[in-house]
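What follows is one structure encoded as structure tokens, with my remarks underneath.
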Amino acid sequence: AQEAEALVRISHNAPDAPAVDVFVNDQRAVEGLAFGENTDFVPVPTDGIDVQVVPAGGEQADAVIDVQDLALEPGSLSEIAAVGFLDAIAAQVYPIDISPIAEGNARVGVIH
């Protein structure tokens, strides 16, 4: 049986933090993500993922963000963002609404 998946994008929104690498389920998934950058959407399992954010070139033991067992809805879109300043950096998950909208309308999402 195929495992249920969601799509996630990872964003670096911590202005004073250096470039980072991101581990997903113990695999280095992103390298050298700088402030203001984000990844493409990638599929991940929905039954709980582990995400660690480390300074670029670092190892999981160097994690400045460590999210364990993050469960996502099958078929959902989410943005996982590193937010705040380095001394209080944290992960924030922003669900992205993909429900249908009426013709002639648009949907805009703003994260400040």
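The values are calculated or read from the model by the stated rules, or taken from the named source; none is laboratory data. All figures in this text were calculated on a predicted structure; none of them were measured in a lab. Here the Cβ positions follow ideal geometry from the backbone for every residue, glycine too, while neighbour counts run over all protein chains shown. For the accessible areas, the whole protein counts, side chains as well, though only heavy atoms, and no ligand, DNA or RNA atoms are used. Shrake-Rupley method; radii C 1.70, N 1.55, O 1.52, S 1.80 Å.
Summary table below
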item: Mean Cα-pair separation over length for the chain, i.e. relative contact order, pairs under 8 Å, 6 or more apart, %; result: 28
item: In sequence order, calculated HN-Hα J values of the range 70-76 (Karplus, 6.51, -1.76, 1.60; Hz; x Gly/Pro); result: 6, 9, 10, 6, x, x, 7
item: Solvent-accessible heavy-atom area per residue, rounded to whole Å², over the chain at 1.4 Å; result: 61
item: Estimated FRET transfer efficiency (ARG28, ALA102; beta-carbon r; R0 35 Å; 0.05); result: 0.25
item: Carbon/sulfur fraction of accessible area - the chain, other protein chains in place, 1.4 Å, %; result: 51
item: In Hz, Karplus ³J(HN,Hα) per residue of the range 96-112 (6.51, -1.76, 1.60; θ = phi - 60°; x = Gly, Pro); result: 10, 6, 10, 5, x, 10, 5, 4, x, 10, 9, 10, 10, x, 10, 10, 10
item: Global geometry of the chain, whether rounded, prolate or oblate, following the gyration tensor of its Cα atoms and the 1.5 cut on a/c; result: oblate
item: Net +/- balance of residues flanking PRO95 in space, Cβ distance below 13 Å, scoring K and R +1, D and E -1; result: -1
item: Amide H within-cut-off set for VAL20, under 5 Å, with H built and near neighbours excluded; result: GLY32, LEU33, ALA34, ALA56
item: Dipole of the chain [Lys/Arg +1, Asp/Glu -1 at C-beta], most positive-end residue of VAL20, GLY32, PRO95; result: PRO95
item: Relative contact order computed over the range 14-70 (Cα-Cα under 8 Å; 6+ residues apart), in percent; result: 35
item: The range 5-76, dipole about Cα centre (Lys/Arg Cβ +1, Asp/Glu Cβ -1), debye to the nearest 20; result: 180
item: Percent RCO, i.e. relative contact order, over the range 64-105, from Cα pairs under 8 Å lying at least 6 residues apart; result: 36
item: Point-charge dipole on Cβ atoms (K/R +1, D/E -1) for the range 35-112, about Cα centre, debye to 20; result: 260
item: ALA56 versus GLU73: modelled label distance in nm, points set 7 Å from Cα along the beta carbon direction; result: 3.6
item: Between the range 9-51 and the range 59-112, the Cα center-to-center distance that results, in Å; result: 10
item: Full-extension gain in nm, THR39 to VAL93, via 0.36 nm per residue minus C-alpha separation; result: 18.0 nm
item: Qualifying GluC sites (Glu not before Pro) in the range 14-64, DSSP loop, other Cβ atoms within 10 Å at most 15; result: GLU37, GLU59
